[in-house]
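Here is the structure we will look at, set down as structure tokens.
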Amino acid sequence: MKGIVAGVDIGSTTAKCVILGEDGQILGKSLSAVGVDIVKDAEKALEAALTDARLARSDVSFITGTGYGRYKVYFGQLVVTEISCHARGAHFLFPKTRLVVDIGGQDTKAIRIDEKGDVVDFAMNDKCAAGTGRFLEVCANALGYDVGEIGPLSLAAQRPLKVTSTCTVFAESEVTSYLSRGKDPKDILAGLHSSIANRTLSLMQRVGVEPEITFTGGVSQNEGMVRALSRRVGSPVNVSPLSQFLGALGAALHGRERLPGGAS
Ligand code: ADP
């Protein structure tokens, strides 16, 4: 079918795929873990999204790869950085976005964009897992929770504590030490979330904090993190159930621009 495009985002932790219809509607999507065979993971991500959309591969006119593993999307016709793709995806859902904050499994990015969704500047922390999804997972496990539980719990804190360690290993021991001293896990989690929000704000300040701000990546699904970040920046941040898919959606949109007569 003419005009149907796909975006495949191979991150450090998860693979996402979005199938976009001619009129910009999402026809199907998939989310799966990334393992050791990235080439196969990319294939599987596309197949799962096609199944979700009830389409065959021959129905798709153009495929774009993005993310950390974008060069392993061998079946695609285009490769675009995840920075450009998150910019496009965020702009598509929230056209007034001027700053995108992407917190994924192993890195954090602040991306300043213009009114067309093009990248103006960006800053990135990919040196260590501090402040990323992995960091939250380690601390959640240390407290005996699943990563999906900690955001809502942090919101029920009565006396938030201060978590000062920036290194994942030190933060894990700081968290367990609080626990062994009988502190309430909710208060520890509130401290953890606000410490990540502080660090994320520093990254955002490197490119300039300008509304509207759109939060993307898997960690945007953590409502404790959304709340901590908006409190820290002093304004609401846009978030959507599709936020983890915005890299894949942006990739699909970049592909759509390459079609003859390119939709913009
Ligand atoms: P990447 O693109 O770097 O592979 P993602 O943007 O897909 O990463 O984000 C993956 C991270 O998102 C994981 O570390 C995971 O813990 C976190 N995550 C996903 N869903 C949730 C959720 N509902 N609550 C909290 N964290 C979540």
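The values are calculated or read from the model by the stated rules, or taken from the named source; none is laboratory data. Every value quoted in this text rests on a predicted model; they were computed, and no experiment measured them. Positions of Cβ are backbone-derived with ideal geometry, glycine not excepted, and every protein chain shown enters the neighbour counts.
Results, tabulated for the structure shown:
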item	result
Residue tally, condition away from the ligand (no atom under 13 Å from the Cβ) and surrounded by 18 or more Cβ atoms within 10 Å (Cβ to Cβ), over the range 102-118	5
Some residue of the range 175-189 being closer than 30 Å to residue 89 by Cβ, surrounded by 20 or more Cβ atoms within 10 Å (Cβ to Cβ) and under 21 Å from the mean Cα position of the chain (by Cα)	yes
Qualifying residue in the range 53-66 (condition: buried (at least 21 other Cβ atoms within 10 Å of the Cβ), in contact with a helix residue (DSSP H, G or I) (Cβ under 9 Å, 6 or more places away or on another chain) and more than 30 Å from residue 114 (Cα to Cα))	yes
Enumeration of residues in the range 190-218 that are touching a Gly at 6+ places or on another chain (Cβ under 7 Å) and either closer than 18 Å to residue 165 by Cβ or of a type in the set (Lys, Arg) (or both)	193, 196, 199, 200
Positions within the range 1-30 being within 13 Å of the ligand (Cβ to nearest atom) and among the polar types (S, T, N, Q), in sequence order	12, 13, 14, 30
Residue 28, sole failed condition from (1) in contact with a Lys or Arg (Cβ under 6 Å, 6 or more places away or on another chain); (2) of a type outside the set (D, E, K, R); (3) assigned to a strand (DSSP E or B); (4) surrounded by fewer than 22 Cβ atoms within 10 Å (Cβ to Cβ)	(1)
Subset of the range 6-54 (residues that are in contact with a Ser or Thr (Cβ under 6 Å, 6 or more places away or on another chain) and within 10 Å of residue 249 (Cα to Cα))	7, 9, 17
Qualifying residue in the range 156-163 (condition: under 16 Å from residue 131 (Cβ atoms) and either at pLDDT 95 or above or within 12 Å of the ligand (Cβ to nearest atom) (or both))	no
Verdict on residue 147 being in contact with a Leu (Cβ under 7 Å, 6 or more places away or on another chain), modelled with pLDDT of 90 or more, in the same structural domain as residue 197 (by TED's automatic domain parsing) and within 11 Å of the ligand (Cβ to nearest atom)	yes
Count - residues of the range 158-185 that are of a type in the set (Gly, Ala, Ser) and either in contact with a strand residue (DSSP E or B) (Cβ under 7 Å, 6 or more places away or on another chain) or more than 15 Å from residue 143 (Cα to Cα) (or both)	1
Residue, nearest to residue 64 (Cα to Cα), within the range 241-256, restricted to residues that are of a type in the set (Gly, Ala, Ser) and within 10 Å of the ligand (Cβ to nearest atom)	248
Residue match in the range 32-46 (condition: more than 18 Å from the chain's Cα centre (by Cα) and touching a residue at least 40 places away in the same chain (Cβ under 8 Å))	yes
Subset of the range 31-72 (residues that are within 14 Å of the ligand (Cβ to nearest atom), in a loop (DSSP other than H, G, I, E, B) and among the aliphatic types (A, V, I, L, M))	34
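The rows are residues; the columns are (1) under 29 Å from residue 25 (Cβ atoms); (2) in contact with a Cys (Cβ under 9 Å, 6 or more places away or on another chain).
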| residue | (1), (2) |
| --- | --- |
| 144 | no, no |
| 167 | no, yes |
| 177 | no, no |
| 215 | yes, no |
| 233 | no, no |
| 245 | yes, yes |
| 256 | yes, no |
